[in-house]
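The structure appears right after this line, and notes come after that.
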C-alpha cells in the first residue's frame with residue numbers, strides 16, 4: 001500500500017511539477033506597445049523595463065535590463081534610401097555612429113531572421129575604462145523602413161543575455 005501511495009505521489013509530482021516552470025516562464029514575459037510607436041515587442045524577462053518613450057525631440061524608445069550597464073536597448077525607426085540594401089545601411093550606420101567610440105573593435109555582421117528579417121552587427125568598445133559590447137539588429141519592414149535595435153552593455157553581461165536580445169529582435173512586429 002505504501003508503494004502505491006508513493007508511486008501515485010511521484011506520478012502527480014512528475015505530471016504537474018514539470019509544467020510549473022513553463023507556466024512561470026510564460027507569466028514573466030511581457031510586451032511593449034504604445035500609441036507613440038507602430039510596433040509591438042516582447043520581452044522574455046520582467047527585468048527589462050521602459051525608461052523613455054518617443055516625444056517631439058527624441059524619436060526612440062529606450063529600455064534597460066536592470067541597470068544600464070547590464071543591458072540597454074534603444075529602438076528607432078529609420079528610413080532606407082532608395083537603392084540601398086539593408087547590409088549597406090547597417091555598414092554605413094555603424095561607420096557613422098559607433099566607429100568613433102573609444103577602443104572600438106568591429107565585429108562581424110550576420111543575416112538575421114525573425115518576424116522581420118535583416119542583419120546584425122556586433123562590436124566592442126570601452127566606456128570609463130570598462131570593456132563594453134554592442135549588438136545592433138537592423139530589421140527591414142518594407143523597402144523604405146528599417147527598425148534599428150541597439151543593445152549595449154558590459155561585454156560579459158551583454159553576452160550572457162544574448163539569447164534574450166535575439167528573442168526581443170525576433171518578436172518585433174508591426175501593429
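The values are calculated or read from the model by the stated rules, or taken from the named source; none is laboratory data. What you see is a predicted model, and the numbers here were worked out from it, not measured in a lab. Here the Cβ positions follow ideal geometry from the backbone for every residue, glycine too, while neighbour counts run over all protein chains shown.
Taking the range 39-51 as the region of interest, how many residues are in a strand (DSSP E or B) and crowded, with 18+ Cβ neighbours inside 10 Å?
4
Output the residue which, of all residues in the range 118-136 that are exposed (fewer than 14 other Cβ atoms within 10 Å of the Cβ) and without any contact (Cβ under 8 Å) to a residue 24 or more places away in the chain, is farthest from residue 68 (Cα to Cα).
129
Checking the structure you have, find out if any residue of the range 75-84 is within 24 Å of residue 155 (Cα to Cα) and touching a strand residue (DSSP E or B) at 6+ places or on another chain (Cβ under 6 Å).
Yes, the range 75-84 contains a residue that is within 24 Å of residue 155 (Cα to Cα) and touching a strand residue (DSSP E or B) at 6+ places or on another chain (Cβ under 6 Å).
Could you list all residues from the range 52-68 that are surrounded by 13 or more Cβ atoms within 10 Å (Cβ to Cβ) and either touching a helix residue (DSSP H, G or I) at 6+ places or on another chain (Cβ under 7 Å) or not in a loop (DSSP other than H, G, I, E, B) (or both)?
Across the range 52-68, the qualifying residues are 60, 61, 62, 63, 64, 65, 68.
State the number of residues belonging to the range 147-168 that are in a helix (DSSP H, G or I) and surrounded by fewer than 20 Cβ atoms within 10 Å (Cβ to Cβ).
10
Does the range 11-30 include one or more residues that are modelled with pLDDT of 85 or more and surrounded by 12 or more Cβ atoms within 10 Å (Cβ to Cβ)?
yes
Can you confirm whether the range 36-52 contains a residue that is over 17 Å from residue 151 (Cα atoms) and at pLDDT below 75?
Within the range 36-52, none of the residues are over 17 Å from residue 151 (Cα atoms) and at pLDDT below 75.
Here's the yes/no breakdown for (1) surrounded by 13 or more Cβ atoms within 10 Å (Cβ to Cβ); (2) closer than 18 Å to residue 44 by Cβ; (3) in contact (Cβ under 8 Å) with a residue 60 or more places away in the chain:
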| residue | (1), (2), (3) |
| --- | --- |
| 70 | yes, yes, yes |
| 79 | no, no, yes |
| 83 | no, no, no |
| 87 | yes, no, no |
| 90 | yes, no, no |
| 100 | no, no, no |
| 105 | no, no, no |
| 111 | no, no, no |
| 115 | yes, yes, no |
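With part of a loop (DSSP other than H, G, I, E, B) and closer than 20 Å to residue 33 by Cα as the only criterion, which of 115, 99 stands out?
Testing whether each residue is part of a loop (DSSP other than H, G, I, E, B) and closer than 20 Å to residue 33 by Cα leaves just 115.
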